[in-house]
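Take a look at the structure below.
The values are calculated or read from the model by the stated rules, or taken from the named source; none is laboratory data. Please read these numbers as outputs of a predicted model, since none were measured by experiment. Cβ sites come from the backbone with ideal geometry, for glycine too, and all protein chains shown count toward neighbours.
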Amino acid sequence: MESVFSAIEKLGPAGLVLRAILGSLLGIFLLVGFIVLRRWYRARYFRRRSERTVALRARWDEIVSGKIPPTDWRFDPLDCDIVESILLDNIEMSAPDGLPPLLNCLRVSGLLDMLIYEARTAHSWKQRTALLALGRTRAREAIPALVAGLDSRSAETRIAAIRALGRTAITEAAIPILDRIVDGQLDAPERSVKNSLANCCRSNPEILVRYLEQARGPVRELLARVLAELASPGLGEELLVLAADALPEVRASAARALGNTNTSYTLPALHSLANDPEWFVRLRAVVALGEIENVGKIRILLRSLCDANRHVRQRAAWVLARMEPQLEQILDDVVATNDDYALQSFISELERSGAIENIAGLIAGSGEGSVQTTLREVVERAKKSVELSGKAVAVAAGAH
Amino acid sequence: MRFLAISNAILFIYYVFSNVIYLGLLIVAISRNVRHHHRLGNFRFELIKASPFTPPITLIVPAHNEERSIVSSVGALLGLDYPALEVIVVNDGSSDATVDKLQKAYDLRTARILYIADIATAPVRAIYRSPLEPRLFVLDKQGAGCKADAINAGINAATSPYVCVVDADSILERESLVRIMVGVLSDPDRVVAVGGIVRVLNGSRIVNNQIEQVRLPKRPIEVLQVIEYLRAFLVGREGWATFNMLPIISGAFGIFRRDLVKQVGGFRTHAVGEDLDLVIRMHRHLLEEHLPYHINFIPDPTCWTEVPTDLKSLARQRARWHKGLIDALWPNRDMLFRARYGRVGWLVLPYMWIFEFLAPVIELVGYITIVLAMVLGVLSRAFFMQFLLFGYAFATLISIGSVLLEEMTVRRYSDWREVARLLLYCLFEHFPYRQMTMVWRLQGLWQYLRGDLQWGAMKRVGISADPSG
C-alpha cells in the first residue's frame, strides 16, 4: 500500500490545492447545513416541549397524586424530562409540609432510583447532571450516592457532589464533607465547600463547632467562616473560645458571628477583638459592632475611629455617623480625641449620610457659645485634614 | 526568479501554517464550548447571587467627556445582577460636565477619604460618594491623556478582591458579572483573570441602557465587524484560553484579581494597547514566580460595544490596535523562546509576532511577489487562481465556524434572516474587507515607527433607543 506522502506527491501542487478547495467547500456546506438543521430541530423540539408541558401541567395534580399512573408519562423521554424538571423545581420551592407528596411521586415513578443509578454509574457531565438533580430532590436516600461522588477522581464530579450535598440542605449531608475536609481527603474549591456546609448546617450549626475542635490551619479557618454565617445566640461560649483563637482569620470569623448574637457577652468580646493586633480582625469587630444595638459600643467605636488602619477608621466612622440620636455628643467626643484623621473620617461620613446639616442646624439652634466654637473648630480641623490627605496623595503618587 | 520562487514557497508555508492554526483553534473552541455549556446547564446563578461567600467585585469605569451617557451607564452598571458590587467612576480630566451630571443624578458629596496611590497616577482632585447609592464612588482626577492612568486610579481606590474594567460607553448584560465569575469560582486559587465576550451593539434596540432586542446592523461595514468580533472571541480567545495561553483580555470587559494587577504595577500608562500589555505582563510575572495560574475566557458573559460606522473611524481604530499590538510585544520580546516562559514564550507570543504583527507586511509582500511571479511565469496562472480560491474558501469556512459557535453559545440572533445575512457576509469578509484591514494595519505600523502613539477619535453614533430612528 502506498504511503500518504507518496499519494500527495503524485497529486502535485495543483491537484493538492484543488482537493483543498473541494475540502473547504465541503466544510462550508456542512457547517451551513448543520446550522440550518440545528435551528430547525431546536424550533421543532421547543414547540413540542411547550405543547407537552401545557398538557402535563393541565393534569399535574393527578400526576403528583398518582391518579394518573407513572407508566403514562414515565417511558416517554420528553414527558419524563418535563415531569422531572417540574417536580425538582417544585421541591426546591416547596415548604416542608408540601414536600412529601412530591417526593412520593419521585419515588413511586422510579425517577429517584433512576437518578441514583445515573449518579453512581454514569460518567462525565451526565453523572454530574444526575448528581445535581439528585441533590435538588432533598431525599435522604440520595445521600449515599452523592457521598460516593465525593471520592471521584474527577475534580468536576467532586465539585458537583459537594454542591449537590449542599442542595439537600440536610444536616447529615454535611457530615461526609466535614469528615473528609478535617482528614484532608477532599480536594475541592473552598467556596463550594463553604456554600454546601452553610446550606446543610443552617438548622444545626453546633455540628460545625464539634469539627472545629479537631480542625487545624486553613480547615479551621474555613469552618469558622461558615460558622460565622450561621451563628445564633445559642452558640454562646463556643464563639468566645473562637474569639481567643490563635488564627487571626478565625478571630475575624468570631467577630462576624458575634454580630449576629446580641447577648451579654457580645460587647466585651467585640471590645477585645476591636483591639486585636490584626487590622482585619479589628475591622470585622467594628462591622459587627454596627450590627448590634447597644449604646455601650460608642466608646469602643471612638477608639476604633483613631485606629492606625484607614479601613478600620472609615468603618467606625460609618457606624458612628448612623447613630442619629447621639450624634451631637459623638461629635464632641470625636473632637476631643484630637485626632485629625478620626475627625476627617467622621465628618466625611456625616456629609455622606446627610447628617452634617442636621448637626449644624442643631448646634446653631442651641445658641451655646461653646458649641458654636466647637463647630468652628470642627470645620477648621476638617479643612486641615483635607490638606493633610492631599499631601498624602501627592507623596504616594510619587512621580506626580 | 529564484528569489520569487523562494518567496512564494515561504508564503505558501506561512499561509498553510496560519490556516492550520486557525482550524485547530476552531476545533478546540467548539469542543470547549460544548463542555462549557454542559457545565452551565448544572449551574444555578441564583445560588451564586444568594451565597454570602461570593466575592465582591469593583467595577472601574474610566470616563473622559462622557456627559451624554455617563448617568445612564452608571445606572445600568448599578443595576447589574451581582450581590456585592462597588462602582468606581474615574473622571479622567473631562472638559465637559461628566462629574456635574453624576453629581446631580446621585447627589454626590465630597468624601474625605484618604486615597493612597499604590500605583502612581495623575493627582486625584476629589473623591465623591453618594448618600443615595452607597455602592458608588466617583474619583475626579487630573487627565493624564490615557485610559490606563484612570483605570489605575480606580484600582487604587477599589476595595474588592476582583476588579472589572468596563468602558463607559459599553453595555454589560444584567447577568454578565455572575456569568463571568463562573470562570473564577470554578478554580479561585488559580484563576487570576477572566475575559468575557465583547459584541457589536450597532443595530440593536436599547431600552434603559439594556439590550432589548439584538439585531444586526444595517451597514455592511458594521456587519463585517460583527463576524470579525465573533471570530476573534469565540474562536481565537476561546482556543488560546483552553491551553492557558490567552494573550489578551479585552479592555472593554474583563475581570482581574486586584492584588495581582497591583503586583505587576497596574496598567502601563501611555500603553496604546493597555489590555494586551497587562495580560502579557501577568503571564510574565506568574511564570517568573513559578505560580500556578489560569487566565480564562468565558464565552457567554457579554459586553455590547459600539463599533465604528464609517471607514475613517474604522481605519483609525485598526491602526491603533496594531500600534497597541507592537507596543505590547516589543517590550516583552525577551520572553520569546525562553524556557522559563513555557508555552507563552514558545507558542502564543511567536504566533502573535508572526501571524498578527507581521501579517500585514507578509500579506503585502505576498500579493506583490505572487503577482510578479505570475507575470514573469514563475507561477502558473491556473495554480495561482486555484490557490486564491482555496484561500478564500478556507477563510470563509473559519468565519462560518465562528457563526456556528455563536449559534451554539448564546444564539442572540433569533431571526432566521439575521443568521442568513451573517452567513452571507462571511462570503464577503475576505475580499475586499481583509485587504482594507491590511492597509490600516500597515498604517498603524508606520505610525508606530514614526513615534505617533495618538489614540485618534472615533466617530460615534451613540446608544439610541431605537436603531431605526
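Summary of computed values
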quantity: Criterion violated by B:ASP100 - all others in (1) in a helix (DSSP H, G or I); (2) within 14 Å of chain A (Cβ to nearest Cβ); (3) among the charged types (D, E, K, R) satisfied; calculated: (2)
quantity: Enumerated helices (runs of 4 or more DSSP H) restricted to segment A:251-351, each holding at least 1 residues that are within 14 Å of chain B (Cβ to nearest Cβ); calculated: A:279-291, A:297-305, A:310-320, A:327-336
quantity: Single condition B:LEU47 does not satisfy, out of (1) under 25 Å from the mean Cα position of the chain (by Cα); (2) within 10 Å of chain A (Cβ to nearest Cβ); (3) assigned to a helix (DSSP H, G or I); (4) aliphatic (A, V, I, L, M); calculated: (1)
quantity: Qualifying position, being modelled with pLDDT of 90 or more and part of a helix (DSSP H, G or I), among B:ARG39, B:ARG32; calculated: B:ARG32
quantity: Test: residue in segment B:301-310 that is within 25 Å of B:VAL166 (Cα to Cα), out of contact with any strand residue (DSSP E or B) (no Cβ under 6 Å at 6 or more places or on another chain), buried (at least 17 other Cβ atoms within 10 Å of the Cβ) and within 14 Å of chain A (Cβ to nearest Cβ); calculated: no
quantity: Candidates B:SER160, B:SER95, B:SER72 - the one that is surrounded by fewer than 21 Cβ atoms within 10 Å (Cβ to Cβ), assigned to a loop (DSSP other than H, G, I, E, B), more than 14 Å from chain A (Cβ to nearest Cβ) and not β-branched (Val, Ile, Thr); calculated: B:SER95
quantity: Pick from segment B:50-69, criterion more than 13 Å from every other protein chain (Cβ to nearest Cβ) and β-branched (Val, Ile, Thr), ranking: nearest to A:THR157 (Cα to Cα); calculated: B:ILE57
quantity: Count of residues meeting criterion [among the hydrophobic types (A, V, I, L, M, F, W, C), closer than 30 Å to B:HIS38 by Cα and outside any loop (DSSP other than H, G, I, E, B)] in segment B:288-340; calculated: 5
quantity: Subset of segment B:213-262 (residues that are in contact with a strand residue (DSSP E or B) (Cβ under 8 Å, 6 or more places away or on another chain), surrounded by fewer than 21 Cβ atoms within 10 Å (Cβ to Cβ) and among the small types (Gly, Ala, Ser)); calculated: B:ALA252
quantity: Flag for B:LEU423 being buried (at least 19 other Cβ atoms within 10 Å of the Cβ), within 11 Å of chain A (Cβ to nearest Cβ), in a helix (DSSP H, G or I) and touching a helix residue (DSSP H, G or I) at 6+ places or on another chain (Cβ under 7 Å); calculated: yes
quantity: Residue in segment A:10-48 that is farthest from the other protein chains (Cβ to nearest Cβ), counting only those that are at pLDDT below 75 and either touching an Asp or Glu at 6+ places or on another chain (Cβ under 9 Å) or surrounded by 12 or more Cβ atoms within 10 Å (Cβ to Cβ) (or both); calculated: A:LYS10
quantity: Answer from A:SER348, A:SER353 - the residue that is in contact (Cβ under 8 Å) with a residue 24 or more places away in the chain and crowded, with 24+ Cβ neighbours inside 10 Å; calculated: A:SER348
quantity: Filtered residues of segment A:187-200 (kept if within 13 Å of another protein chain (Cβ to nearest Cβ), in a helix (DSSP H, G or I) and in contact (Cβ under 8 Å) with a residue 12 or more places away in the chain); calculated: A:GLU190, A:SER192, A:VAL193, A:LYS194, A:ASN195, A:SER196, A:LEU197, A:ALA198, A:ASN199
quantity: Test: residue in segment B:219-241 that is within 22 Å of B:PRO161 (Cβ to Cβ), at pLDDT 95 or above and outside any helix (DSSP H, G or I); calculated: no
quantity: Members of segment B:121-148 found to be within 7 Å of another protein chain (Cβ to nearest Cβ) and crowded, with 17+ Cβ neighbours inside 10 Å, listed by number; calculated: B:THR121, B:ALA122, B:VAL124, B:ARG129
quantity: Qualifying residue in segment A:163-186 (condition: within 14 Å of another protein chain (Cβ to nearest Cβ) and farther than 19 Å from B:ARG44 by Cα); calculated: no
quantity: Given (1) more than 14 Å from chain A (Cβ to nearest Cβ); (2) more than 15 Å from the chain's Cα centre (by Cα), index of the condition B:TRP240 fails; calculated: (2)
quantity: Those residues of segment A:71-89 which are over 36 Å from the mean Cα position of the chain (by Cα) and buried (at least 17 other Cβ atoms within 10 Å of the Cβ), in sequence order; calculated: A:TRP73, A:ARG74
quantity: Residue in segment B:356-371 that is under 35 Å from the mean Cα position of the chain (by Cα), of a type outside the set (Lys, Arg) and not in a helix (DSSP H, G or I) present; calculated: yes
quantity: Residue in segment B:21-44 that is farthest from the other protein chains (Cβ to nearest Cβ), counting only those that are over 30 Å from A:ARG191 (Cβ atoms) and of a type in the set (Val, Ile, Thr); calculated: B:ILE21
quantity: Conditions (1) more than 23 Å from A:ALA169 (Cα to Cα); (2) under 21 Å from the mean Cα position of the chain (by Cα); (3) at pLDDT below 90; number of the one not met by A:SER232; calculated: (1)
quantity: The one condition in (1) free of Cβ contacts under 8 Å to residues at least 60 places away in the same chain; (2) at negative phi that B:GLY377 fails to fulfil; calculated: (2)
quantity: Enumeration of residues in segment B:40-81 that are farther than 22 Å from B:ALA105 by Cα, in contact (Cβ under 8 Å) with a residue 12 or more places away in the chain and not aliphatic (A, V, I, L, M); calculated: B:PHE43, B:PHE45, B:LYS49, B:SER51, B:THR54, B:PRO55, B:PRO56
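Residue-by-condition table, conditions (1) under 24 Å from B:ASN208 (Cβ atoms); (2) of a type outside the set (A, V, I, L, M); (3) modelled with pLDDT under 90:
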{"position": "B:PHE45", "(1), (2), (3)": "yes, yes, yes"}
{"position": "B:HIS64", "(1), (2), (3)": "yes, yes, no"}
{"position": "B:SER69", "(1), (2), (3)": "yes, yes, yes"}
{"position": "B:ALA84", "(1), (2), (3)": "yes, no, no"}
{"position": "B:LYS104", "(1), (2), (3)": "yes, yes, no"}
{"position": "B:THR110", "(1), (2), (3)": "no, yes, yes"}
{"position": "B:ASP118", "(1), (2), (3)": "no, yes, no"}
{"position": "B:SER130", "(1), (2), (3)": "yes, yes, yes"}
